[in-house]
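Read the structure below first, then the notes.
The values are calculated or read from the model by the stated rules, or taken from the named source; none is laboratory data. Here the structure is a predicted model, which is why all the values come from computation and not from measurement. Ideal geometry is used to build each Cβ from the backbone, glycine not excepted, and the neighbour counts take in all protein chains shown. SASA here: full protein model, heavy atoms, side chains in, ligands and nucleic acids out. Shrake-Rupley method; radii C 1.70, N 1.55, O 1.52, S 1.80 Å.
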Amino acid sequence: MTKALTQQQALQEYLLRLADSNLIISQRLCELCGKAPAVEEEMALMNVALDLVGQARNWYEYAADLDEAKRDADTLAFRRDAHDYRNLLLTEQPNGDYAETMARQFYFDVWHYFTLLSLIDAPDERIAGIAAKALKEVTYHLRRSSAWVKRLGDGTEESHQRMEVAVESLWRFTGELITPDQVELDLAAKGLAPNPEQLAADWKGMVKEVLTEATLSLQDDDAWMHLGSKKGIHTEHLGLILAEMQFLQRAYPDAKTW
Amino acid sequence: MYAQLVETGSKRVKTLEEMSPEERTFQEKVDAEIKIEPKNWMPDAYRKTLVRQISQHAHSEVVGMLPEGNWVTRAPTLKRKLQLMAKIQDEAGHGLYLYSAMETLGASRDEEIEKLHQGKAKYSSIFNYPTLNWSDMGAVGWLVDGAAIVNQVVLQRTSYGPYSRAMVRICKEESFHQRQGYQILLDMMREGTEEQKAMVQDSINRLWWPALMMFGPSDEDSPNSQQSMAWKIKRKSNDELRQMFIDQTVPQLEFLGCTAPDPDLKWNEETGHYDFGEIDWSEFYEVLKGNGPCNRERIATRKKAIDEGTWVRQAAKAYADKKQQKQRDAA
């Protein structure tokens, strides 16, 4: 039985979840640099990724201020190993083809949008402030990824097939987005995390709406879902992502500045 | 300089007397520093040369994302990661902006990109060199963007309106990238470990000569320059630009506490410029021919991205067509 977290620890844990999810999905988008299907997409992908790393930094800085070990934002990002990372499993899934990249982004953006929409009213000025700024950016992310899901879903026969495969294969990682653990339940009771029922209803509602408009199959609400990131149990992908992302900090631990 | 050895298709510059009335009006406009706009009459060779030059420049922006993409996933801190991502995003924007400027000349983006993938179109030789350590992200910003700025600042006065305006906008962003790049190196040299300082010197050792090659062959081996100068597509010679770059860069190099891999580099009191050693032109021409360390990889990556994206672009078009049809049906 794990010891109950203090409120400060619980808040830090939640901030790290937000930060880690942002950073890891951005890392995946960075992998696409120079490899996107059009120059317009190069720009848009980097733009979205840039927003998300910026938001991650804000959340890490708050998490660092709450850190008992006095780690700074960069130490939190570049020196924690996979079992300490709290990003959603969805965010670490590989880019695959553009249908998978966009399906992953869409599922994430819907969750992100409604999460932030709730956090702008949090009784914690710093959280509300970061969320308000992030919400403007994520509103655009969601508009963009929804548009791509529709475009690919209702584009050509090939794109439709690919999108069907993508929304189905990533579905198993979406349960986590709307399955709260005790940390989130406790914080939600204080308004510091979204109300879980509301978040689940909003997420499901918007996903259904967009998939329908995209002429894609609705996915099974009772499908088996992979959970684990909230306890630090990830897919095999995360270790490799961190090996690359943290390379310099790990290889040159004595470097104080970069 | 993101365009090198741009073919003009002419051996010799015509005199005003030899020109047709249209050509003469055009040349007089150019001579009077009046910008040529897309709808104005222009000699066919001027148009073709500009398409080559602007497309080379656009391709360079896009191919140039690859050596940076090699490190954006390994940037050492959140701040450096954000800076590099912002730089890459700017470059994609420059690419788009330049392709649009090129399209005002009646050229097709898809066709020009196809030429790139077939090895028929060039891009700056510099991007065929690998980025082998983190400080290359600093050195690329400082030296490569620095060299590009020296050329592009002059190109802000180029005769073709859309290209000139693109340069004005691009120069602002490039200057910002250059300062950031230099700061990466300066921070490592001032506060870094011995290993980090060695990294910086290693980057400079590898990128110094390729950066100087960015200005293209020396003037005596630059057969197309005269025509480009007459058209004011080019405003200063390769050697003049190279000298400007060296003169402004060496003091910055010294301020870093680093050295250039050139034993002949020294201040010349008489000329008021730095003297420097002979560039290895055989290396330059080999890289242009496709034999640089990364030529094949760069083109293969770009071609793969566009080829594998075909179904995505087709879907986007099909969807847009469907939407339009629906709107028409509703009307």
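Return yes or no: is A:D20 among the acidic types (D, E), open to solvent by 30 Å² or more (accessible area, probe 1.4 Å) and modelled with pLDDT of 95 or more?
Spelling it out, it is not the case that A:D20 is among the acidic types (D, E), open to solvent by 30 Å² or more (accessible area, probe 1.4 Å) and modelled with pLDDT of 95 or more.
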What pairs can you find where one residue is in segment B:66-81 and more than 7 Å from chain A (Cβ to nearest Cβ), the other is among the charged types (D, E, K, R), and their Cβ atoms are less than 6 Å apart, with a gap of 6+ or different chains?
B:A75/B:K81
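Of these, A:H112, A:H83, A:H141, which one is part of a helix (DSSP H, G or I), open to solvent by 10 Å² or more (accessible area, probe 1.4 Å) and more than 13 Å from chain B (Cβ to nearest Cβ)? Before the answer, list the steps.
Working: A:H112 fails: open to solvent by 10 Å² or more (accessible area, probe 1.4 Å); A:H141 fails: open to solvent by 10 Å² or more (accessible area, probe 1.4 Å).
So the residue among A:H112, A:H83, A:H141 that is part of a helix (DSSP H, G or I), open to solvent by 10 Å² or more (accessible area, probe 1.4 Å) and more than 13 Å from chain B (Cβ to nearest Cβ) is A:H83.
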Restricting to segment B:33-50, and then to whatever is crowded, with 18+ Cβ neighbours inside 10 Å and under 19 Å from the mean Cα position of the chain (by Cα), can you tell me which residue is farthest from the other protein chains (Cβ to nearest Cβ)?
B:T49
Give the residue, chosen from A:L238, A:L211, that is closer than 30 Å to B:M199 by Cα and in a helix (DSSP H, G or I).
A:L238
Taking the conditions exactly as written (farther than 21 Å from A:A77 by Cβ and within 14 Å of chain B (Cβ to nearest Cβ)), does A:L216 satisfy them or not?
yes
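Quick one: in segment B:81-131, which of the residues that are aromatic (F, W, Y) and over 30 Å from A:E244 (Cβ atoms) is surrounded by the most Cβ atoms within 10 Å (Cβ to Cβ)? Quick ask: steps written out before the conclusion?
So in segment B:81-131, the residues aromatic (F, W, Y) come out as B:97, B:99, B:123, B:127, B:129.
Right, trim to over 30 Å from A:E244 (Cβ atoms) and you get B:97, B:99.
On the way: B:Y97: 18, B:Y99: 23.
Out of the qualifying residues, it is B:Y99.
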I'd like the full set of residues that are open to solvent by less than 30 Å² (accessible area, probe 1.4 Å), in a loop (DSSP other than H, G, I, E, B) and closer than 30 Å to B:G119 by Cα, limited to segment B:275-304.
B:I279, B:G292, B:C294
Kindly evaluate A:A243 against the criterion of being free of Cβ contacts under 8 Å to residues at least 12 places away in the same chain, out of contact with any Asp or Glu (no Cβ under 7 Å at 6 or more places or on another chain), open to solvent by less than 30 Å² (accessible area, probe 1.4 Å) and more than 30 Å from A:E158 (Cα to Cα).
no
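If you go through segment B:301-320 one residue at a time, do you hit one that is over 15 Å from B:S124 (Cβ atoms) and more than 12 Å from chain A (Cβ to nearest Cβ)? Spell out the reasoning first.
First, pick out the residues of segment B:301-320 that are over 15 Å from B:S124 (Cβ atoms): B:301, B:303-320.
If we keep only those that are more than 12 Å from chain A (Cβ to nearest Cβ) too, we end up with none.
No, the conditions are met nowhere in segment B:301-320.
Could you list all residues from segment B:160-170 that are assigned to a helix (DSSP H, G or I) and within 24 Å of B:A32 (Cα to Cα)?
Residues of segment B:160-170 assigned to a helix (DSSP H, G or I): B:161-170.
Answer for segment B:160-170, where residues must be assigned to a helix (DSSP H, G or I) and within 24 Å of B:A32 (Cα to Cα): B:G161, B:P162, B:Y163, B:S164, B:R165, B:A166, B:M167, B:V168, B:R169.
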Of all residues in segment B:305-329, count the ones that are free of Cβ contacts under 8 Å to residues at least 24 places away in the same chain and surrounded by 13 or more Cβ atoms within 10 Å (Cβ to Cβ).
14
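Each row is one residue, and each column tells you yes or no for (1) buried (at least 19 other Cβ atoms within 10 Å of the Cβ); (2) assigned to a loop (DSSP other than H, G, I, E, B); (3) not hydrophobic (A, V, I, L, M, F, W, C).
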site: B:D187; (1), (2), (3): no, no, yes
site: B:A198; (1), (2), (3): no, no, no
site: B:L207; (1), (2), (3): yes, no, no
site: B:Q227; (1), (2), (3): yes, no, yes
site: B:M244; (1), (2), (3): no, no, no
site: B:T249; (1), (2), (3): yes, no, yes
site: B:F255; (1), (2), (3): no, no, no
I'd like the full set of residues that are aromatic (F, W, Y) and more than 24 Å from B:T131 (Cα to Cα), limited to segment B:254-295.
B:W267, B:Y274, B:F276
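Within segment B:99-125, work out how many residues are in a helix (DSSP H, G or I), of a type in the set (G, A, S) and more than 21 Å from B:G292 (Cβ to Cβ).
Of all residues in segment B:99-125, those in a helix (DSSP H, G or I) come to B:99-103, B:109-117, B:125.
Still in the list and also of a type in the set (G, A, S): B:100-101, B:125.
Now drop any that are not more than 21 Å from B:G292 (Cβ to Cβ), which leaves B:100-101.
Residues flagged as in a helix (DSSP H, G or I), of a type in the set (G, A, S) and more than 21 Å from B:G292 (Cβ to Cβ) within segment B:99-125 amount to 2.
Quick check, is A:E42 touching a Lys or Arg at 6+ places or on another chain (Cβ under 9 Å), part of a helix (DSSP H, G or I) and either buried (at least 24 other Cβ atoms within 10 Å of the Cβ) or of a type in the set (S, T, N, Q) (or both)?
Details: touching a Lys or Arg at 6+ places or on another chain (Cβ under 9 Å): yes; part of a helix (DSSP H, G or I): yes; either buried (at least 24 other Cβ atoms within 10 Å of the Cβ) or of a type in the set (S, T, N, Q) (or both): yes.
Yes, satisfied.
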